[in-house]
1. With Cβ to Cβ distances under 9 Å as the rule, what net charge do the other residues near ALA339 carry (K, R +1; D, E -1)?
2. With viscosity set to 0.890 mPa s and temperature to 25 °C, compute the Stokes-Einstein D of segment 105-155, Rh being the Kirkwood radius across alpha carbon pairs; µm²/s, no decimals.
3. If each DSSP helix of 4+ residues adds -39,500 (n - 2.57) and the sum is divided by the residues in the chain, what number results at 222 nm, nearest 500 deg cm²/dmol?
4. At 7 Å along the Cα-to-beta-carbon direction for both ALA7 and LEU245, put a label point, then send me their distance in nm to one decimal.
5. Quick one: what do you get for the chain if you divide its Cα Rg by 2.2 N^0.38 Å?
6. Please provide three numbers in whole Å: the alpha-carbon extents of segment 277-401 along the principal axes, with the largest listed first.
7. Sort MET290, MET335, MET370 by accessible area with a 1.4 Å probe, largest first.
8. Sorted by packing (mean other beta-carbon atoms within 10 Å per residue), highest first, where do 399-408, 154-163 land?
Amino acid sequence: MSGEFAAPKGIPDYYPPASADFLAVREALTEAAHRAGYGHIELPIFEDTALFARGVGESTDVVSKEMYTFADRGGRTVTLRPEGTAGVMRAVIQHGLDRGQLPVKLCYSGPFFRYERPQAGRYRQLQQVGIEAIGVDDPALDAEVIAVADEGYRRLGLSGYRLELTSLGDDTCRPRYREALQAFLFGLDLDEATRDRAAINPLRVLDDKRPEIREATADAPLMIDHLSDSARDHFDAVRAHLDRLGVEYVLNPRLVRGLDYYTKTTFEFVHDGLGAQSGIGGGGRYDGLMKQVGGRQDLSGIGFGIGVDRTVLALEAEGASVAGRGRVDVYGVPMGGAAKSELVAMAADLRAAGVSVDLAYGDRGLKGAMKAADRSGARVALVLGDRELDERTIEVKDLTSGDQRRVSLDGAVAAVRELLAD
Ligand code: HAM
């Protein structure tokens, strides 16, 4: 490390060239959402602490251990958003979006904050693209949300992931199941911390990775076997839609999410090239959230959050580069003051025509400037010296083939566009 300051621990910077992959991933995912009719929503970076405490759930690690919470200068307790769903629901209620056409379909992207222990693929500032569809409880919509994520990943060329799917039931079957699971867990010889967890959130115990707990809970009752008729019908319909859409999944009845609001359909996209932090996206339906955060009606919703950082890492693990292109299409190399002012003007013309251009600034000589042209990833170099300028011509060099030809200054823009169109 050099310099007096470093970014706060666990907070990544995104800079070229890797930032191009980051942008390409975010764009592909939001594009998939927009194509399915999800409109952009821009949410505040911080909200009332109580919104997340009530929305995400007091017993979750996210709320109890990981929130960046502070008092503002007016003494209000605010929290940097750890996730997007609670904020979307707050905005939907506040602006009465639920009184318009349903479902309300929204898409967001940006940073979220969780005070987790930093490691590869786990950051304290993480980037997500998320969508939420609120107000209609239709299994076809569950399938759409899942298919949008799947389509986003596939467009990026990602292939080594799997979709894990389950149903967490509804408020008729879940309380009964919880009792059955607790009765089972309290019959086991568990350590105190695990017992406490069983008392607060028994589902979490099924997600315990320790072999001895896995073994002890091998015969634990599973939600999927205790669904109410309506939750079972809903889940069967979601699966039928996914089959029809050709979206493959595996059932994981032990799937446990880190947020409390999930009901019915719940899913996670898992990539095996990432080590411990294998979840590249996840989501599900949330029946009670609107009431939970103060809505007058209680509309169901469904959505996902995709980890942009982890999706970039997954692409790297597969050896796929998404951005692929150079920084610019064209690189201008002026030799001398008059040539520079000519190229500065030509760069502006090319940019206005939609071509990306950079110039060698700072009079570094032909060799250095041509090296910079190569490093920029440009397809074309424009070389202009005093002699060419006197003749009102310019050298146009195809940096892929090495071919070079001289064209008139007036014809330069057309010549560049022709080369780029190849
Ligand atoms: P989540 O599973 O907590 O869900 O986060 C979604 C994704 O964000 C994860 O699958 C992971 O890829 C990424 N992510 C989470 N924490 C980190 C971290 N510390 N570092 C890097 N990436 C991370 C939600 O946030 C829900 N709001 C999703 C949702 C929307 N459910 C319904 N609608």
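1. Summing Lys/Arg as +1 and Asp/Glu as -1 gives -2.
2. D = 188 µm²/s.
3. -11500 deg cm²/dmol
4. 3.2 nm
5. My calculation over the Cα atoms of the chain gives 1.24.
6. Cα extents, longest axis first: 75, 35, 23 Å.
7. Result of the area sort, largest leading: MET335, MET370, MET290.
8. Packing order, densest peptide first, comes out as 154-163, 399-408.
The values are calculated or read from the model by the stated rules, or taken from the named source; none is laboratory data. Note that the structure is predicted; figures quoted are calculated from it, not measured. Heads up, the Cβs are rebuilt from the backbone with ideal geometry, glycines too, and the neighbour counts pull from every protein chain shown. In case anyone asks, the SASA skips ligands and DNA or RNA and just uses the protein heavy atoms, side chains included. Shrake-Rupley method; radii C 1.70, N 1.55, O 1.52, S 1.80 Å.
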